[in-house]
Amino acid sequence: MSFRNDLEAASDWAASYLDRVGELPVAPSVRPGELRARLPESPPEQGEPFADLLRDLDELIVPALAQWNHPRFFAWFANTGSEPGILAELLIATLNVNTMTWLASPAGTELELTVLDWLAQLLGLPRGWHGHIEDTASTGTIAALAAARHLRPGGVVYASEEANFSVEKAARLLALEYRKVETDDEFRMRPDFPLDDATAVVATVGTTATTAVDPVPELAARCEEAGVWLHVDAAYAGAAAVAPELRWCLDGCDRADSVVVNPHKWLATPMDCSTLWTRKPEALHAAFALVPDYLAATADAVDLKDYGPALGRRFRALKLWAVLRWYGAEGLRALIREHVRLAQLFASWVEAEPGWEVAAAHPFSTVCFRHTERDNHELAGRATATGEVFVAATNLRGRPTIRLAIGNARTTEDDVRRAWEVLRECAFAR
C-alpha cells in the first residue's frame with residue numbers, strides 16, 4: 001500500500017470515529033492488565049501493513065479507552081479534539097520541526113509568538129508580555145516557579161488548599177517548601193497569610209474541585225508590596241475570558257508575574273497545548289537559558305528553549321493557530337457561552353429535585369452536586385459504569401461530591417439531560 005492510500009484510510013477512520021464516538025461506551029469496562037494480555041509480547045520481526053494497525057485500533061485499543069472526545073465525558077475537565085486541531089496535528093507530524101530556537105524553526109517561533117499575542121487579546125491580557133507554549137500547565141508552573149526562585153531563592157510557595165496538586169509537585173521538584181493556605185466559605189484562597197518568607201504565591205482561577213476563583217487583585221497588591229512572584233493558574237477557567245461578560249475571572253491578572261491558560265481544556269485544541277505569559281521574561285531567561293556552541297543564538301531573535309525546561313519543542317502553535325482561525329473569536333465565545341448555559345441548566349435541575357443539592361458556586365461550566373442520602377462516590381462510579389456518562393467525584397469539606405464538567409464542543413442539551421437521567425436512575429436503584 002502507498003502512503004497516500006494509508007493516509008486516506010487513516011482520514012476515513014478519523015472521520016468515522018468522530019461520527020460514532022457518541023455511540024461508544026464513554027468509559028471502558030476493562031480490568032488492569034486485560035489489554036496488555038491481548039497484545040503480543042514481542043515486536044514483529046517483519047513489517048506489517050497499516051491496515052492491520054487500524055484493525056487492532058478498532059478491536060483492541062478503542063474498546064479499552066476512556067473516550068475523552070465523547071459528548072458525555074463530564075469527568076475532571078472535559079475537552080475537545082476539534083476538527084481543525086486534528087488536521088493541524090497531521091500537519092505538525094508531517095513537518096516534524098523542532099521549535100527550540102529561531103534558527104531551528106523561524107516560522108515556528110514567530111507563529112508561536114503571534115498566536116500567543118492573538119490569544120492574549122482574546123482573553124484581555126496585556127499584549128506586551130512574553131508568551132510561549134508548554135505541553136501542560138504543570139510544566140508552565142515549573143517554569144514560573146523556577147523564575148521566582150531565581151529572584152528569591154530558598155523561600156516558600158504558598159497556594160490554596162484547593163490548588164491543583166501539580167503546584168505542590170512543581171515546588172517539590174524545585175526544592176521549595178510548599179504551604180497550603182485555607183479557603184473561605186466559597187473555596188477561595190484567603191489573602192491574609194504572611195509573606196515574609198515567600199518566594200512565590202500561586203493563585204487559581206478555576207480550582208480543580210469547584211472552579212473557585214481566588215482573590216487575584218488582593219493577592220497581586222500584597223505580592224507587589226512584598227516583592228513576591230505571583231503566578232496565576234487559570235488552566236481551566238481562563239478560557240472563559242474570551243466572553244466579555246466572563247472576563248471578570250481574570251481581574252488582577254495584569255498585575256501577576258505569570259499566567260497560564262490551557263487551550264487544550266476549554267478552547268477546542270487537542271492535547272497538549274498550554275499557554276504561559278509573563279511580564280518578567282528576563283527572570284525565565286535567567287533560569288533556563290544556556291547557549292552551547294552548536295545552538296548559537298541569532299541576533300534579534302527569540303529562542304524559545306531559553307524560557308522553559310524543554311529543549312525539544314513540538315510545533316504546537318500550528319494547531320492553536322488552526323483552532324483560532326477555524327472558530328474565530330465569535331465561534332469561541334459561542335462555545336464558552338453554550339457550555340456555561342448547559343451547566344446552569346443542569347444545576348437548576350439538581351436544585352429542583354428533592355434529595356439532591358448543589359454543593360458549590362458554578363459560574364463556569366462545572367457543577368458540584370450531591371445526593372443527600374446516597375454514597376456519592378459509589379453513585380458516580382455506578383453512573384460511569386453504565387457506559388453512558390463519565391463523571392468523577394471529589395470531597396468538599398470532607399463531604400463526597402460529584403462533579404459534572406462540560407467542555408466538549410459536541411455536547412448538546414440532550415447529552416446533559418441524559419446524564420441527569422442516568423444519575424437519577426442510579427440513585428433510585430437499590
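The values are calculated or read from the model by the stated rules, or taken from the named source; none is laboratory data. As the structure is a computational prediction, the values presented were derived from the model and not from experiment. Backbone-built Cβ (ideal geometry, glycine too); neighbour counts: all protein chains shown. The accessibility values were calculated without ligands, DNA or RNA, using every heavy atom of the protein model including side chains. Shrake-Rupley method; radii C 1.70, N 1.55, O 1.52, S 1.80 Å.
Quick check on the stretch 390-401. Is at least one of its residues without any contact (Cβ under 8 Å) to a residue 24 or more places away in the chain, part of a loop (DSSP other than H, G, I, E, B) and either among the aromatic types (Phe, Trp, Tyr) or over 22 Å from residue 80 (Cα atoms) (or both)? The answer is yes, given that some residue of the stretch 390-401 is without any contact (Cβ under 8 Å) to a residue 24 or more places away in the chain, part of a loop (DSSP other than H, G, I, E, B) and either among the aromatic types (Phe, Trp, Tyr) or over 22 Å from residue 80 (Cα atoms) (or both).
Hey, could you check the stretch 307-321 for residues that are open to solvent by 60 Å² or more (accessible area, probe 1.4 Å) and part of a loop (DSSP other than H, G, I, E, B) and say which is farthest from residue 280 (Cα to Cα)? In this case the residue turns out to be 314. Screening residue 429 against (1) among the aliphatic types (A, V, I, L, M); (2) buried (at least 19 other Cβ atoms within 10 Å of the Cβ); (3) over 23 Å from residue 163 (Cβ atoms) leaves a single unmet condition, (2). The listed residues are 204, 141, 199, and the only one of them that is touching a Gly at 6+ places or on another chain (Cβ under 7 Å), of a type in the set (Ser, Thr, Tyr) and either crowded, with 19+ Cβ neighbours inside 10 Å or not in a helix (DSSP H, G or I) (or both) turns out to be 199. Between 419, 427, 380, 409, the distinction of being within 17 Å of residue 77 (Cα to Cα) and touching a strand residue (DSSP E or B) at 6+ places or on another chain (Cβ under 6 Å) belongs to 380 only.
For the stretch 322-358, residues that are assigned to a loop (DSSP other than H, G, I, E, B) and without any contact (Cβ under 8 Å) to a residue 60 or more places away in the chain total 1.
Looking across the stretch 14-52, the residues that are touching a residue at least 40 places away in the same chain (Cβ under 8 Å) and loosely packed, with under 13 Cβ neighbours inside 10 Å come down to 29, 49, 51. When the residues of the stretch 289-306 are narrowed to those that are under 14 Å from residue 132 (Cβ atoms) and not in a helix (DSSP H, G or I), which ends up least open to solvent (accessible area, probe 1.4 Å)? Only one residue fits best here, namely 303.
One line per residue, one yes/no per condition, for (1) in a helix (DSSP H, G or I); (2) under 30 Å from residue 414 (Cα atoms); (3) modelled with pLDDT of 95 or more; (4) in contact with a Leu (Cβ under 9 Å, 6 or more places away or on another chain):
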| residue | (1), (2), (3), (4) |
| --- | --- |
| 1 | no, no, no, no |
| 8 | yes, no, yes, no |
| 13 | yes, yes, yes, yes |
| 16 | yes, yes, yes, no |
| 19 | yes, yes, yes, no |
| 26 | no, yes, yes, no |
| 29 | no, yes, no, no |
| 52 | yes, no, yes, no |
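Examine the stretch 231-243 for a residue that is under 23 Å from residue 157 (Cβ atoms), open to solvent by 10 Å² or more (accessible area, probe 1.4 Å) and touching a Pro at 6+ places or on another chain (Cβ under 8 Å), and state whether such a residue exists. No, the stretch 231-243 contains no residue that is under 23 Å from residue 157 (Cβ atoms), open to solvent by 10 Å² or more (accessible area, probe 1.4 Å) and touching a Pro at 6+ places or on another chain (Cβ under 8 Å).
Within the group 419, 380, which residue is out of contact with any Pro (no Cβ under 6 Å at 6 or more places or on another chain), assigned to a helix (DSSP H, G or I), open to solvent by less than 50 Å² (accessible area, probe 1.4 Å) and free of Cβ contacts under 8 Å to residues at least 24 places away in the same chain?
On the way: 419 fails: free of Cβ contacts under 8 Å to residues at least 24 places away in the same chain.
Checking each option against the conditions leaves just 380.
Residues of the stretch 266-280 that are open to solvent by less than 40 Å² (accessible area, probe 1.4 Å) and either among the aromatic types (Phe, Trp, Tyr) or more than 26 Å from residue 93 (Cα to Cα) (or both): 266, 277, 278.
Residue-level check: of (1) in a helix (DSSP H, G or I); (2) open to solvent by less than 70 Å² (accessible area, probe 1.4 Å); (3) within 21 Å of residue 230 (Cα to Cα), residue 125 misses just (1).
Under the condition of being surrounded by 16 or more Cβ atoms within 10 Å (Cβ to Cβ) and farther than 18 Å from residue 348 by Cα, the residues counted in the stretch 392-409 number 8.
For beta carbons closer than 7 Å, sequence separation of 6+ or different chains, a first residue in the stretch 244-271 that is of a type in the set (S, T, N, Q) and a second that is assigned to a helix (DSSP H, G or I), the qualifying pairs are 258/144; 262/137; 269/85; 269/263; 269/319; 269/320; 269/323. Applying the condition of being assigned to a loop (DSSP other than H, G, I, E, B) and of a type in the set (Lys, Arg) to the stretch 247-286 and asking which residue is nearest to residue 214 (Cα to Cα) yields 279.
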